[in-house]
Every structure is written in C-alpha cells, then in structure tokens.
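Reviewing the structure listed below.
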Amino acid sequence: MNWLPEEVTHMEEFLSNELEHLRNHVLNTRKEDISPQLYVYENRVVFSQNGLKTYLELGKIIQRGNYREIDLYGENNDIIAWESIRSYPYKTENGKEICYNIEKRKVKMCFLMGWLEVRLWDRGQHKIQKVYPPFEKIEDINLPVSSKGQFILKETTQFSMDLMKNYWEIYLNKNHAERRKKPRFLKTEEPVSNGNTWQVFVTSDLRNYYYGEDETIGKSQVKNFFPLQKEMKTINCQRKTETRHAVIANFDSWQAFRHASSQEREDLMSLDRTNSSQIQKLQSEASEENIEIPDDCKKILRKIAAETGTSGLIKTEKEQILKFASTSPKIRLMLRMAQLKFVRSKIAKYIAQGAYNMNDIEIIEKSDSYEARKSKGYRKKFENLILWVSYSWTPQWAGQMVTADEIPEQKHEFKADDGEVLISCYWGPEHDDEPAYIRISWKADAGHDELGIRFENPDTKEILYEDRLGAFKVGEEIFTSKDLGFDPSTQKWSIAILFLEGE
C-alpha cells in the first residue's frame, strides 16, 4: 500500500500537523507507515465540494497561461471527483503533457483506511487511537441470532461481526511485519446473500466523501441503528474486487456503533472535534470570508503551489504567509491547498521517473480527447498477481454463426495441482437491443486466493480479455460483447483459468 517514496512523505508540506502526529503515533505503535492513506484522506476532505469556492479562487491566483488540469481529467469531472486525487499531470522536457492515473479502486481503499485511522484517532482525543474490541457473540448486543442487516444488507449480523473480528485480529491489531502479505478477511462459504455487490451501511459523512459527483451510485438503502443518532446509508462495494473495501467500511460502522453505546462517549469525542469537521468548519469560514487577497500573499501562494512548497520559501516569505494565514480562514485554507498542489507535482515527477509499479497506472496524453480516452479501454493487467494459469479450452461451436437455441450449455473441468475448477458456459448472439454475451458459471475446489478468467484467440493465443471472478468458490458472471471487446457469436475464442493473489 505504500506507493509514495520517503522523499515525498517526509516533505514539510506532505501532511497537516495533526495528521503528521497521527502518522508518527501509528509508526511507533504498529510499526506501519500510513502516509498514503492519510494523504488520500486529507485530499478527499480538503478538496471536497465544501471547499470548491475557495479552490476556484485559488486556481485563478496560481493558474499560469491557459493551462487547466481539468482538461486532463475529462469533461465530467470536477474537483470532488476521484480523478482529482488519483491523477497526476506532468509536463515532460519536450513539452508533452501526460497524466498518470493510479487505479481508482486502490485509491478508494486508501481513503477508507485513512478515514478509519483518523476516526480512531478522533476517539482517542488526538493522543492515541481508541479502538473498541470486537464483540465475541451476537448476544452481547441483545440481538437475536437470526438478525440480519447490521451492517451489511441481507447478511446475518453474525457475518458482519465476524468480518469486524477478522479485520481486527488479522490486520489492525498486528504489527506491519507480522501480517500476511495478502490477508483474507472472508471465508467464502459464509455469505448468505447473492449479487455482485456488498451493500454496507456507513455514516452519512463517510458516504458523502466515498462517492464523487462523477459516479452513478443508484438508490441507497437507509436505516437507523440505535443508539447511533443519525441514519446510516449504504455504499456499494464490488464483490469481485472490493471485498476489503466492504470489510473496512463494516469495521468503521461497528466502531461508530460501539462508541455510541459507550458510557465514555461524551468524554471521548464530540462531532465538532473530529478532524473532518474541523476542516469543514474552516471551509465554511473561508467561503463566508469576503476579503481581497493581497498581491504579496498571492505571489507567495503561487510560489508555494508551483515552485518551492513551504519548505523552499525564504524566511521572510514563510513568516509573511503564516501571518496572513493566522488572521484569515480563507488564506489558511488556500495555503493548505497550495501545499497539497505542490506535493502532487512532486508525486507526478516521481511516477514519471519510473519509480512506481506501472502495472497500477494508466497513462493518458492531453492530446487525447475525452471520448478517445474512454474508448481506449485500459484494462487491468494481472501479470504481477498470477499464481497459476491453466491451458486454454475452446468450447464446441465457439464463434460460429448458430442460433442460441442450437448451443447447449457446455462444461469443462480444469485440473490444478491443488484442486480443480468446473466451468460451465453458454453464449448467444446480439438480439434486439441486447448485445452478444457469454455466461460463465464456476465451482472451484482449489487452494487459491481468487479466481480469474482469460479469453484467448485459440489460433494465435492472443489475449482478448481477462477479468477477476473473485474469491467465491461458486458463482456466475455474464460478459457482454461490450465488456469483451469482441463478438463471441462470430469470433473464435477459448477460455483459460487464472489463480490470482487476493487483494
């Protein structure tokens, strides 16, 4: 998870003072560097819709020429979009403008982990992290054994409690060096619900930050959990690729629930003392402050954002900007935003120099139109996750022009050293407005973390498409021609099975 170099994380501007204290506390107690998690968390909260007015005003101050970073993200993205955190624009020596995009799923998991770390810090009054130990049995919370939906929709309460306990025992309560490289928090036989997503009830403030305005999120489920005073809403986590997202969110919800149930809660934390609420308060004060930023202040802000950061200022400049910030909420927020802009430019340079695992990064050029970027269809590569690849199997009639009624469901068993995977497949051509498709179902009995599937051209062995199937031993997935990038009713294809390291 540590995807940032020490030369960046040790910069004076990297984290706010409060979050730097938290990082040092965790480093001392758990021997873990949570710099990336706190960096994503702070960016997500500072550059939120609440701070948009101030950010736009800062943009006019620090903008140079006609260059706008939003041109690199796409027309539908504004400052609250995840692209504003995971994308790192960089101008090469020959003037080419490139944007490096870190995988969105990884960045969102970073945010959830950072959010949880900060909330535990809030409850410890910013001196320690206060963690409530997991419940041992469901009777401890006076709920019937058969109860469901706390805090995972349609799942048993016991299942949710087990995930809380697993995250504590396998991850959070272990020193970094003692953890398994790919910890597994979920036993695949435990879930009782079906579907492609986990729907996890979280606090309203977490949900607001988890979703950006660039996302289509659908209707959220709403529920009250006494003694929590405010209603909770669901976030959706893909079962194939975001199980850990669901586990972290579930743990945070249980911690909020236990805190509300605690007799100590009034002494531990009030809502207006949380880190995010303090930032929100500053954003509100900055938005309401009607002042003209002095020219000498603007000059220093430009220098911080684009050239030196705070650490590179001369002594008189640093004293001057701190004096401005001490008397003005707007300048104080602009100063932090300018610092984070500078940090971002350093991260972009670090990635451009090839010091990051490029398997996790998409590269786009400013010359690409927004639609062109979407149509490129960057897909996740699994080369660094593959533990085993099967031989390929070509179902009879695959890619031949036959009607759907003429294609019987076909089955094949893939043998591995430690088990087998039974695959059933069925496919059909385009019909009316529905695209051509392949339906895959599987039943696995093998010692792997996750399953993946690969579609190949049986003649050339070219990889046409590959994707995760997830950690479930039994499941079903439908791949349309839009997903695959080819028509399975007219183009030859074969199937191979992958064993992958879990997330």
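The values are calculated or read from the model by the stated rules, or taken from the named source; none is laboratory data. What you see is a predicted model, and the numbers here were worked out from it, not measured in a lab. When we count neighbours, we look across all protein chains shown, and the Cβ atoms used for this are built from the backbone with ideal geometry, even at glycine. Calculation scope for accessible area: heavy atoms of the full protein, side chains included, ligands and nucleic acids excluded. Shrake-Rupley method; radii C 1.70, N 1.55, O 1.52, S 1.80 Å.
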Fill in the blank from the handout: When every residue in the range 139-157 that is in a helix (DSSP H, G or I) and closer than 16 Å to residue 253 by Cα is compared, the one modelled with the lowest pLDDT is 141
Practice task
Return a yes/no flag: does the range 106-117 have any residue that is within 18 Å of residue 44 (Cβ to Cβ), modelled with pLDDT of 80 or more, in a helix (DSSP H, G or I) and open to solvent by 30 Å² or more (accessible area, probe 1.4 Å).
Solution key: yes
Practice task
Return a yes/no flag: does the range 335-352 have any residue that is modelled with pLDDT under 90, in a loop (DSSP other than H, G, I, E, B) and either among the aromatic types (Phe, Trp, Tyr) or open to solvent by 50 Å² or more (accessible area, probe 1.4 Å) (or both).
Solution key: no
Problem - Qualifying position, being touching a strand residue (DSSP E or B) at 6+ places or on another chain (Cβ under 6 Å), at pLDDT below 90, over 30 Å from residue 106 (Cβ atoms) and of a type in the set (A, V, I, L, M, F, W, C), among 404, 436 - result: 404
Completion exercise
Counting only strands (runs of 3 or more DSSP E) wholly inside the range 444-500, the ones holding at least 2 residues that are open to solvent by 30 Å² or more (accessible area, probe 1.4 Å), charged (D, E, K, R) and modelled with pLDDT of 85 or more are none
Fill in the blank from the handout: Filter the range 153-188 for residues that are under 20 Å from residue 238 (Cβ atoms) and among the charged types (D, E, K, R); the one that is surrounded by the most Cβ atoms within 10 Å (Cβ to Cβ) is 155
Handout entry: Unmet requirement for residue 192, which otherwise passes all of (1) open to solvent by 50 Å² or more (accessible area, probe 1.4 Å); (2) not in a loop (DSSP other than H, G, I, E, B)
Key = (2)
Exercise for the section: Considering (1) closer than 12 Å to residue 488 by Cα; (2) surrounded by 15 or more Cβ atoms within 10 Å (Cβ to Cβ); (3) free of Cβ contacts under 8 Å to residues at least 40 places away in the same chain, say which one residue 441 fails and leave the rest. Expected result: (1)
Problem - In the range 275-303, the residues that are surrounded by fewer than 17 Cβ atoms within 10 Å (Cβ to Cβ) and either of a type in the set (Ser, Thr, Tyr) or within 13 Å of residue 332 (Cβ to Cβ) (or both) - result: 277, 278, 281, 284, 285, 289, 291
Completion exercise
Those residues of the range 284-306 which are of a type in the set (D, E, K, R), out of contact with any Pro (no Cβ under 9 Å at 6 or more places or on another chain), touching a residue at least 12 places away in the same chain (Cβ under 8 Å) and farther than 12 Å from residue 58 by Cβ amount to 296, 303
Practice task
Could you list, in sequence order, all residues of the range 88-99 that are open to solvent by less than 50 Å² (accessible area, probe 1.4 Å) and in contact with a Lys or Arg (Cβ under 9 Å, 6 or more places away or on another chain)?
Solution key: 88, 89, 97, 98, 99
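From the residues in the range 1-36 that are aliphatic (A, V, I, L, M) and open to solvent by less than 40 Å² (accessible area, probe 1.4 Å), which one is nearest to residue 127 (Cα to Cα)? Spell out how you get there, then give the answer.
Within the range 1-36, the first condition is being aliphatic (A, V, I, L, M), and the residues that meet it are 1, 4, 8, 11, 15, 19, 22, 26-27, 34.
In the following step, the residues that additionally are open to solvent by less than 40 Å² (accessible area, probe 1.4 Å) were identified as 4, 8, 11, 15, 19, 22, 26, 34.
Working: 4: 26, 8: 25, 11: 23, 15: 17, 19: 11, 22: 8, 26: 11, 34: 17 Å.
Of everything passing the filter in the range 1-36, 22 is nearest to residue 127 (Cα to Cα).
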Exercise for the section: Considering only the range 481-503, state which residues are more than 18 Å from residue 424 (Cβ to Cβ) and among the β-branched types (Val, Ile, Thr). Expected result: 490
